[in-house]
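Structure record follows, encoded as C-alpha cells.
Values in this text are rule-based calculations from the coordinates and carry no lab data. Fair warning: this is a prediction, and the values are worked out from it, not measured in the lab. Ideal geometry is used to build each Cβ from the backbone, glycine not excepted, and the neighbour counts take in all protein chains shown.
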Amino acid sequence: MNGIEAALEQRGVEKTGVDLHQFASELYPICRSITGNGTRETLKRIQRLIQLQIHEVKSGADVFDWTIPLEWNVREAYLNRADGTRILDYRDCNLQILNYSVPMRARVQLDELKKHLTTLPNHPNWIPYRTSYYAPEWGFCMKHKQMQDLEDDEYEVVIDTTLEPGFLTYGELYLRGQSTEEILISVHVCHPSLANDNLSGIVVACFLAGLLRGRRLRYSYRFVFVPGTIGAITWLAKNKENAQQIRHGLVLTCVGDANGFHYKKSRRGDAEIDRAAALALRSCGEPYEVLDFSPYGYDERQYCSPGFNLPVGCLMRSVWGTFPEYHTSADNLGFIHPEKLAGTLRLCAAICDVLEGNRTYLNKKPFGEPQLGKRGLYSGAGNEASAEAISARLWVLNYSDGRHSLLDIAERSALPFPAIHDAAELLRERDLLAAVDTN
Ligand code: ZN
C-alpha cells in the first residue's frame, strides 16, 4: 500500500520523532492562553512549517452561547519580599501566573497572599497550571514547598497583565482532495508550557499535514489549531454550513507520553472514523483501549454537541485528568518522547490510509471462486505470494458483493487493512472487481 504511513517510513520514523520533539521544544517556552500574543506567536511558528491561515475574531463577538473575551497579555508578573528580594517570576515558568489573571499591584501580608496562591500539596515540587478565563481573579501558582517556606512578611505583588478589546486567534489549513468531503484534524493551542497536553497534539498535527501535502488525496483535509472550548465553538460558529462537509474527524491531545493509546469514540459511536481508528489500533503494535463517548474531555465535546453531532473522535495516549503530571509543571519536555510522538503520527497516518482506501467493490466472477492460479494470483511455482496476501484475496473476492466495504472485510477477516487494500487493488487490475461507490 503506497499510503501515508509508507510516506512516513520513507521519511524515517526515528528521525521524524526527533523532529517532532524538537518542534515541541521550540514552542514550549511560549506563554499561550485562549487569546493573546503567545497563541499568535505559536500559530506563526506553525506557519513556517505548514501554510496555515491565521484568523482573528474580535473580543465581544457572539459565538453561539458564548462571547469572545477580552484579549489577555502579560508584560510581567512577579512576587517580591518586603526587602525587594524576588521570590517568583513568571518568566522562569509561565505556569506561575494564574492564566488570565487580572492586573494587580499591591503590598499584602502572607495570610492575604496565600488566598491567591495555588499549590499541589501531594506533589510539593511541581507547579500547578490554573486558569480563570471567565471570573476576574488574580493569583500565582507555585511549588507547595516554596509556599511552606514563605516567612510571615509583607509581599509586593506585581501582575502587569492587560485585558483589553482585541482578538481570539486561531489557525486553519485546508488541503484540497478529489472530493469536497472533509477529514477534520483539530488540536487546542491555548496551554502555556505544557508538553503532553497541548504541544504533542500540535506537533503531530503539523507533521501529519506535512505528510499529506502534495499527495493525491481522496478527501479534503482541514486542520484547525484553536484555543480549547471557546476556539472550537468559534470555528463552528464561523463554519456552521462548512462543517456539514466533515465526514471524519479526530481531536489529538496528550499523544506524546509513554502510555499506550486511548481512542474515544464519536458521539455516534459507529462512525467510520470510530471503526477506522479501532482497525488501525489493532495493527499498531502498542497497547490500546477504545472508550465510549462522554460529554467531557476536549474539543470533541463541541464537534459532537447535538446540533452538530459530527463524526469526530479523540485520540490520546494517557487520558486527560488521569495522570498525576496532568496540568502541572511535570508535564514537561521530558514527559513526552520522540518515539511516542512518532508512533502517534504513524497511527494517524494509518487511520487516514484506512479512510482514503475504504471502498466497496463487486466481484465480477461471483459464481464459484475465480481460478486464481491461472492468473498468477495463487501460490505455486514461481509465485511467492504470502499466505496473508492470498488469504486477503479470498476474503476480498468473497465479500465484495457490493454491500461490504474493505473496512468491513478487514474487520471480519482480522487481516491488516493494507493487506486487504492491496488485494483489492490487484484484483481490480486483473478485472476481477468493479468499484461500486462513486466518490
Ligand atoms: Zn488541558
(Q) Check which residues have an amide H placed less than 5 Å from I246's amide H, if you skip close sequence neighbours. (A) E182
Q: Assign unit charges at the C-beta atoms only (+1 for Lys and Arg, -1 for Asp and Glu), then state the dipole size of region 72-164 relative to its Cα centre in Debye, rounded to the nearest 20.
A: 320
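What's the FRET efficiency of E41 with E429 using the Cβ-Cβ distance as r and R₀ = 56 Å, to the nearest 0.05?
Details: r = 50 Å, r/R0 = 0.90.
The pair E41/E429 has a calculated efficiency of 0.65.
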Q.
So if I restrict to the alpha-carbon atoms in region 360-435, what is the Rg, and what is Dmax, the biggest pairwise distance, in Å?
A. 11.4, 35
**Q.** From phi via Karplus (6.51, -1.76, 1.60), per-residue ³J(HN,Hα) for region 15-31 in Hz, x at Gly/Pro
**A.** 4, 5, x, 5, 5, 4, 5, 4, 5, 4, 5, 5, 7, 3, x, 6, 8
Q) In percent, how large is the relative contact order of the chain, given Cα pairs closer than 8 Å and 6 or more residues apart? A) 18
Q | Under-5 Å amide H pairs with I97, H placed in peptide plane, nonlocal only | A | C141
Q) Considering the dipole of the chain built from charges on the beta carbon (Lys and Arg +1, Asp and Glu -1) around the Cα centre, which of Q22, G249, L194 is farthest to its positive end? A) G249
Q) Whole-Hz Karplus ³J(HN,Hα) for region 246-253, in order, using 6.51 cos²θ - 1.76 cosθ + 1.60 and θ = phi - 60°, x for Gly and Pro? A) 6, 9, 8, x, 9, 9, 10, 7
Q: Please give every one of the aspartates and glutamates within straight-line cross-link reach of K364, meaning a C-alpha to C-alpha distance under 18 Å, and leave out same-chain neighbours fewer than 8 residues apart.
A: D401, D422, E425, E429, D431, D437
Q. Between E154 and residues 5 or more places away or on another chain, which pairs have amide H atoms under 5 Å apart, with H built 1.01 Å from N, and which residues are they?
A. A82
Q) How about region 82-183: which chymotrypsin sites (Phe, Trp or Tyr not before Pro) there lie in a loop by DSSP and see at most 15 other Cβ atoms within 10 Å? A) Y134
Q) So how do 40-46, 276-282 stack up, highest first, on mean other-Cβ count within 10 Å? A) 276-282, 40-46
**Q.** region 175-257: trypsin sites (Lys or Arg not before Pro) falling in loop per DSSP and having at most 12 other Cβ within 10 Å
**A.** R176, R216, K240
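Against the globular-protein guess of 2.2 N^0.38 Å, express the Cα radius of gyration of the chain as a ratio, rounded to two decimals.
1.14
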Q | Reachable lysines, given that their alpha-carbon falls under 24 Å from the alpha-carbon of K238 and they are not under 8 places away in the same chain | A | K44, K58
Q | Lys, Arg +1 and Asp, Glu -1 on Cβ, resulting dipole of the chain about Cα centre, debye, nearest 20 | A | 1420
Q) What list of ³J(HN,Hα) values in whole Hz, one per residue of region 56-68 in order, does the Karplus curve 6.51 cos²θ - 1.76 cosθ + 1.60 (θ = phi - 60°) give from phi, with Gly and Pro shown as x? A) 10, 10, 5, 3, x, 5, 8, 10, 6, 8, 10, 10, 5
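Between the DSSP loop rule and a limit of at most 13 other Cβ atoms within 10 Å, which chymotrypsin sites (Phe, Trp or Tyr not before Pro) in region 328-428 are left?
Numbers: sites: F335, Y361, F367, Y378, W395, Y399; in loops: F335, F367, Y378.
Sites meeting the loop and neighbour criteria: F367.
Work out the length of the dipole vector of region 360-435 about its Cα centre, built from +1 on the beta-carbon of each Lys and Arg and -1 on the beta-carbon of each Asp and Glu, and round it to the nearest 20 debye. Please report the intermediate quantities before stating the final value.
Working: 9 positive and 10 negative charges, 60 e Å.
Here the size comes out at about 280 debye.
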